[in-house]
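Reviewing the structure listed below.
No value in this document is a laboratory result; all are computed from the given coordinates. Predicted model only: the values in this text are computed from it and were never measured. For neighbour counting, all protein chains shown are included, and Cβ atoms are generated from backbone atoms with ideal geometry for every residue, glycine included.
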Amino acid sequence: MSNINIKLPSLKDAKKRTKTPITIHRDSYDISESLKNLGVNRKYYLRTYGCQANERDSETISGILNEMNFIKTDNYEDADLLIFNTCAIRANAENKVFGEIGQLKRLKVKNPDLIFAVCGCMVQEEVVVEKIMKTYDQIDLVFGTHNIHRLPLLLQNTMLSKERTIEVFSKEGEVIENLPVNRFNDYKAWVNIMYGCDKFCTYCIVPYTRGKQRSRLIQDIIEEVNELKEKGYKEITLLGQNVNAYGKDLDMEDGFALLLEEVAKTKIDRIRFATSHPRDFSIKMIEVMKDNKNIMPFLHLPVQSGNNEILKLMGRGYTVEHFKMLYDKLKESIPNIAFSTDMIVGFPNETREQFEDTLKLVDYCKFDFAFLFIYSPRVGTPAAKMEDNIDESEKSKRLKELNERVAKYGNINNQKYLNKIVKVLVDGKSKKNDQVYSGYSEENKLINFTGTNINEGDIVDVYITEIRSWSMNGKKVN
Ligand code: 5AD
Ligand code: SF4
């Protein structure tokens with residue numbers, strides 16, 4: 001297959017940050033009638049890897065494909081178009097994608113007209129695109145995180161020319177407001193409040209794959225939340241890589257606290273947000289969370305490490321003492337608040353003592369849940385250049401030890417809910433047992449429960465009868 005329309009990514013360009021103000025586009029996405037016919041009698045299968053930002057992007061991709069009259073299928077064997085929306089955060093995330101692209105090569109043999117597309121964070125890296133070009137000739141279309149709005153044209157080009165199309169921009173990025181969306185859930189919605197990240201933590205690839213921080217305007221966000229509320233949505237999650245920095249690029253002071261207050265005024269039942277950064281988390285934020293009952297008593301606050309030297313090497317911009325201060329203040333103001341965090345073990349040259357500081361922090365904060373990772377070097381980031389003298393088996397041992405410590409508190413924390421009533425937003429029937437329903441409490445605890453007259457999207461009272469580390473069982477109160 002020869003290559004036309006090739007625009008390759010560059011991590012070096014993606015690193016640049018200029019003072020150019022962000023532009024908001026309200027008419028970048030335009031779809032002609034001929035493009036709307038491109039999907040007639042064709043089915044698409046979309047697979048999403050990674051974080052909530054990718055989930056939300058997939059809802060946009062799906063919205064665009066629906067406008068092009070493609071039909072969604074959950075069975076890739078039936079599909080005329082496959083799209084993999086990928087994640088670059090760690091090497092194992094990438095290896096999984098390559099493995100699955102490899103496995104599905106056989107579908108191209110069965111159906112030579114099948115279009116196989118790869119998009120998302122991975123293809124913002126030149127090493128990935130080079131590998132696709134060299135070894136994965138089943139891939140027909142590659143597009144990045146900055147040009148989803150061009151999907152109709154890119155697809156048309158690929159389908160009509162029968163040539164491989166690659167278009168990835170490595171730029172700071174814009175805000176594009178007029179994109180269609182096909183939300184995958186009828187009661188819970190993701191709402192982007194900002195794109196990109198300017199923090200450049202030394203291990204992280206996100207500022208390169210998703211560009212400069214760009215906040216949406218408050219009025220656009222509020223309009224979206226009001227629309228969702230009118231449609232019957234019960235819960236929204238405000239999304240950004242570093243939500244506490246919301247508005248900094250719009251010269252706002254403590255913009256996220258302000259935005260949260262405005263969102264709370266819409267009176268939507270449940271408000272969540274992700275992801276918070278300890279450095280930008282303000283005291284005003286704590287007050288806003290405390291004063292608004294529709295902001296859920298749950299906080300995902302990634303700490304990454306419990307050691308100040310490692311935090312410094314990671315470029316996190318706060319100390320363990322600062323994190324503990326925030327934690328104490330939050331607990332004091334909102335006594336029922338639940339916490340989750342992210343932690344990385346095996347950062348280059350992390351000593352046993354430094355790792356033990358992370359264990360100590362877990363003892364202090366007693367997180368309800370934690371996402372734990374072994375450090376994975378990402379080409380192009382500063383940490384990838386640091387020499388590393390810890391062997392893999394030691395890293396795995398630390399991960400296991402940390403995991404056990406976190407699990408202990410997960411269980412202890414849940415004990416306080418036994419014989420108490422919690423409010424649950426019903427997701428539906430449990431996957432394992434159709435007599436059982438499941439949903440999440442205000443504190444973001446997974447609750448499995450039985451009862452009658454239960455509908456998806458209801459907020460119900462559940463009496464807790466059994467505790468586990470990562471979930472609880474109960475009965476609906478009539
Ligand atoms: N290696 C391991 N974990 C990482 N994360 C981000 N980059 C890396 C990396 N290179 C983790 C951080 C972050 C979460 C989303 O992923 O803990 O908070
Ligand atoms: Fe990555 Fe740090 Fe930005 Fe989070 S805040 S996306 S860890 S650079």
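Under 19 Å of direct C-alpha separation, and excluding same-chain neighbours fewer than eight residues apart, LYS105 reaches these aspartates and glutamates: ASP74, GLU77, ASP78, ASP80, GLU94, ASP113, GLU130, ASP137, ASP140, GLU163. Couplings for region 18-26, taken from phi via the Karplus curve 6.51 cos²θ - 1.76 cosθ + 1.60 with θ = phi - 60°, read 10, 8, 4, x, 6, 9, 9, 9, 10 Hz in order; Gly and Pro are left as x. Among the listed pairs LYS108/LYS131; LYS284/LYS312; LYS231/LYS329; LYS231/LYS423; LYS290/LYS312, those whose Cα-Cα separation exceeds 28 Å are LYS231/LYS329; LYS290/LYS312. Across region 357-367, rounded Karplus estimates of 3J(HN,Hα) from the backbone phi angles (6.51 cos²θ - 1.76 cosθ + 1.60, θ = phi - 60°) give 4, 5, 4, 5, 5, 5, 4, 6, 8, 6, 4 Hz, Gly and Pro being marked x. Count Lys and Arg as plus one, Asp and Glu as minus one, and take only other residues whose Cβ is under 13 Å from that of ASN419; the net charge is then +2. The value given for the chain is a Kirkwood hydrodynamic radius of 23.8 Å, derived from the mean inverse Cα-Cα separation.
In percent, rounded to a whole number, the relative contact order of the chain is 11, using alpha-carbon pairs under 8 Å and six or more apart. Of all aspartates and glutamates in the structure, the ones whose alpha carbon falls short of 19 Å from that of LYS360, not counting any fewer than 8 places away in one chain, are GLU309, GLU321, ASP328, ASP342, GLU350, ASP368, GLU394, GLU401, GLU404. Taking label points 7 Å from Cα along the Cα-to-Cβ direction, TRP470 and ASP458 give a separation of 2.8 nm. Simple rule: put +1 on each Lys or Arg Cβ and -1 on each Asp or Glu Cβ in the chain, find the dipole, and look at HIS149, ASN336, ASN69; the Cα lying farthest toward the positive end is ASN336.
Working from label points 7 Å from Cα in the Cα-to-Cβ sense, the LYS416 to VAL40 distance is 6.1 nm. Across region 154-165, rounded Karplus estimates of 3J(HN,Hα) from the backbone phi angles (6.51 cos²θ - 1.76 cosθ + 1.60, θ = phi - 60°) give 5, 5, 4, 4, 5, 6, 6, 7, 6, 10, 6, 10 Hz, Gly and Pro being marked x. Under the convention that each Lys and Arg Cβ holds +1 and each Asp and Glu Cβ holds -1, the size of the dipole of the chain around its Cα centre is about 620 debye.
Restricting to DSSP H runs of at least four residues, report the calculated mean residue ellipticity at 222 nm for the chain, -39500 (n - 2.57) per run over all residues, nearest 500 deg cm²/dmol. Before the final figure, lay out each step's value.
Working: 15 runs with 161 residues, N = 478.
It comes out at -10000 deg cm²/dmol, rounded to the nearest 500.
Quote the Stokes-Einstein diffusion coefficient, in whole µm² s⁻¹, for region 421-476, based on the Kirkwood radius over alpha carbon pairs, a temperature of 37 °C and a viscosity of 0.692 mPa s.
Working: Rh = 10.7 Å.
Here the translational diffusion coefficient equals 307 µm²/s.
For a 4.7 Å threshold on C-beta separation, the list of partnerless cysteines in the chain reads CYS51, CYS87, CYS119, CYS121, CYS197, CYS365.
For every other residue with a beta carbon closer than 15 angstrom to the beta carbon of ALA79, add +1 if it is Lys or Arg and -1 if Asp or Glu, then tell me the sum.
Working: positive: ARG42, LYS43, ARG47, LYS72, LYS105, ARG106, LYS108, LYS110; negative: ASP74, GLU77, ASP78, ASP80, GLU100, ASP113, ASP140.
Combined, the nearby Lys, Arg, Asp and Glu give +1.
The amide H of PHE339, built 1.01 Å from its N in the peptide plane, has LEU299, ASP368, PHE369 as neighbours under 5 Å, considering only residues 5 or more places off or on other chains. In terms of its Cα atoms, region 3-167 spans 48, 37, 31 Å along the principal axes, sorted from long to short.
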